[in-house]
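Here is the structure we will look at, set down as structure tokens.
The values are calculated or read from the model by the stated rules, or taken from the named source; none is laboratory data. Small disclaimer: the values here were computed from a predicted structure and weren't measured. Methodologically, a virtual Cβ is constructed for each residue, glycine included, from the backbone with ideal geometry; neighbour enumeration extends over all protein chains shown. Heavy atoms of the whole protein, side chains included, go into the accessibility calculation; ligands, DNA and RNA do not. Shrake-Rupley method; radii C 1.70, N 1.55, O 1.52, S 1.80 Å.
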Amino acid sequence: MQQQEDRQFVTALARGLEVLAAFRPGEVALSNQELARRTGLPKSTVSRLSYTLTRLGYLQQEGDGGQYKLGLALLALGSAALAGYDARAAAAPLMREFALANNVSVSLALCDGSDMVYLETCRSQARVSVQLATGSRVPLATTAIGRAYFAGLPPQEREALLPLLAERHGSDWPALRSRLLQTCADYGVHGYTASFGEYEPDVMAVGIHLPALLPGQPAMALNASGPAFAFDEAAMRQRVAPALQALRQRISPLPASPSP
């Protein structure tokens, strides 16, 4: 049903959430003008929403400059949301150990539409590492972590995602679809996915599917990534991928392969 025809849909609430979703990791503050540009809402509407969200603690105004940053009230929501994922608590200490031992970044993510959202990221002590953090979003179809999530799903769940991915990628979708389906076949043979310079030219990454640990919990995915100057394809396939598979077994002993 179209949102405008859905009597249960609260448009004002949706617009307020659009304003909050306009903020991106690493940004300090945004003006009403920038929020209006990103959301497509009239500036007058954004001004009222930002005022209301500030009064409620979800935004905080920066001095007298008319800019806003995310407020402390969101920390409680974020903490409550993260606490609901048992895999994160189980994985975090093992991920830190893995990152240090293999000199890579390792991340845990779940699917949100056509994106993967990072729930946890641990980096090595190397001076140069992949700079993604909790809350970062990356596309499903072009990243190792997204491909691993997709490849590990039952066939009917993969099929359900295809229209959403087609809408997201437009004219690029036919080629991406072929690549994604080939990834599923490769995952059945090798047990991991790869993205070598496809999402970011200087990033090498491998990924694996992480089945739901408990009923009602979502499936997720893990990846390990490093800069291209330090990791070539052979190193990722021969050393990092097997280590990542071993990490998955420590986090969850459940089968990693999709249902036939």
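State the number of residues belonging to segment 218-230 that are open to solvent by 20 Å² or more (accessible area, probe 1.4 Å) and either of a type in the set (Asp, Glu) or within 21 Å of Val138 (Cα to Cα) (or both). Can you show your working first?
From segment 218-230, those open to solvent by 20 Å² or more (accessible area, probe 1.4 Å) are 218-219, 228-230; that's our starting set.
So of that shortlist, the ones also either of a type in the set (Asp, Glu) or within 21 Å of Val138 (Cα to Cα) (or both) come out as 218-219, 228.
Residues meeting the conditions: 3.
Count, please, the residues in segment 231-260 that happen to be of a type in the set (A, V, I, L, M), open to solvent by less than 60 Å² (accessible area, probe 1.4 Å) and modelled with pLDDT under 90.
Applying the first criterion (of a type in the set (A, V, I, L, M)) to segment 231-260 yields 234-236, 240-241, 243-244, 246-247, 251, 254, 256.
Restricting the remaining residues to those that are open to solvent by less than 60 Å² (accessible area, probe 1.4 Å) gives 234-236, 240-241, 243-244, 246-247, 251, 256.
Narrowing the set further to residues that are modelled with pLDDT under 90 leaves 251, 256.
Residues flagged as of a type in the set (A, V, I, L, M), open to solvent by less than 60 Å² (accessible area, probe 1.4 Å) and modelled with pLDDT under 90 within segment 231-260 amount to 2.
Taking segment 133-175, which residues are among the aliphatic types (A, V, I, L, M) and surrounded by fewer than 18 Cβ atoms within 10 Å (Cβ to Cβ)?
Narrowing segment 133-175 to residues among the aliphatic types (A, V, I, L, M): 133, 138, 140-141, 144-145, 148, 151, 153, 160-162, 164-166, 175.
Correct list: Ala133, Ala160, Leu162, Leu164, Ala166, Ala175.
For segment 216-246, enumerate the residues that are in contact (Cβ under 8 Å) with a residue 40 or more places away in the chain and assigned to a helix (DSSP H, G or I).
The answer is Met236, Arg237, Arg239, Val240, Ala241, Ala243, Leu244, Gln245.
Which residue pairs have Cβ atoms closer than 8 Å, lie 6 or more positions apart in sequence or on different chains, and pair a first residue in segment 45-56 that is open to solvent by less than 100 Å² (accessible area, probe 1.4 Å) with a second residue that is assigned to a helix (DSSP H, G or I) and among the β-branched types (Val, Ile, Thr)?
Val46/Val19; Val46/Thr39; Leu49/Val19; Ser50/Val19; Leu53/Val19
Given the criteria without any contact (Cβ under 8 Å) to a residue 40 or more places away in the chain, open to solvent by 50 Å² or more (accessible area, probe 1.4 Å) and touching a helix residue (DSSP H, G or I) at 6+ places or on another chain (Cβ under 9 Å), does Asp202 qualify? Before you say what the answer is, go through the steps one by one.
On the way: without any contact (Cβ under 8 Å) to a residue 40 or more places away in the chain: yes; open to solvent by 50 Å² or more (accessible area, probe 1.4 Å): yes; touching a helix residue (DSSP H, G or I) at 6+ places or on another chain (Cβ under 9 Å): no.
No, not satisfied.
Which condition does Ser195 not pass, out of (1) at pLDDT below 90; (2) of a type outside the set (A, V, I, L, M); (3) open to solvent by less than 30 Å² (accessible area, probe 1.4 Å); (4) more than 15 Å from Gln245 (Cβ to Cβ), if it passes all the others?
Every listed condition holds for Ser195 apart from (1).
Please list, ordered by first then second residue, the pairs with beta carbon atoms under 7 Å, 6 or more apart or interchain, first in segment 30-43 and assigned to a helix (DSSP H, G or I), second of a type in the set (Asp, Glu) and open to solvent by 60 Å² or more (accessible area, probe 1.4 Å).
So the pair list comes out as Thr39/Glu18.
For segment 137-156, indicate whether the set of residues that are more than 19 Å from Ala219 (Cα to Cα), not charged (D, E, K, R) and not in a loop (DSSP other than H, G, I, E, B) is non-empty.
No, the conditions are met nowhere in segment 137-156.
Please list, ordered by first then second residue, the pairs with beta carbon atoms under 7 Å, 6 or more apart or interchain, first in segment 86-114 and open to solvent by less than 10 Å² (accessible area, probe 1.4 Å), second in a helix (DSSP H, G or I) and at pLDDT 90 or above.
Val104/Val240; Ser105/Ala99; Val106/Met95; Val106/Phe98; Val106/Ala99; Ser107/Ile145; Leu108/Met95; Ala109/Ile145
Restricting to segment 1-19, and then to whatever is more than 18 Å from Leu70 (Cα to Cα) and open to solvent by less than 100 Å² (accessible area, probe 1.4 Å), can you tell me which residue is modelled with the lowest pLDDT?
Of everything passing the filter in segment 1-19, Asp6 is modelled with the lowest pLDDT.
Give me a count of the residues in segment 187-210 that are more than 12 Å from Ala151 (Cβ to Cβ), hydrophobic (A, V, I, L, M, F, W, C) and not in a strand (DSSP E or B).
0
Working carefully through the options Ala73, Ala22, Ala36, find the one that is open to solvent by less than 20 Å² (accessible area, probe 1.4 Å) and modelled with pLDDT under 85.
Values: Ala73 fails: open to solvent by less than 20 Å² (accessible area, probe 1.4 Å); Ala36 fails: modelled with pLDDT under 85.
Going through Ala73, Ala22, Ala36 in turn, the sole match is Ala22.
Go through Leu181, Leu213 for me and flag whichever is in contact with a Leu (Cβ under 9 Å, 6 or more places away or on another chain), hydrophobic (A, V, I, L, M, F, W, C) and either assigned to a helix (DSSP H, G or I) or at negative phi (or both).
Testing whether each residue is in contact with a Leu (Cβ under 9 Å, 6 or more places away or on another chain), hydrophobic (A, V, I, L, M, F, W, C) and either assigned to a helix (DSSP H, G or I) or at negative phi (or both) leaves just Leu213.
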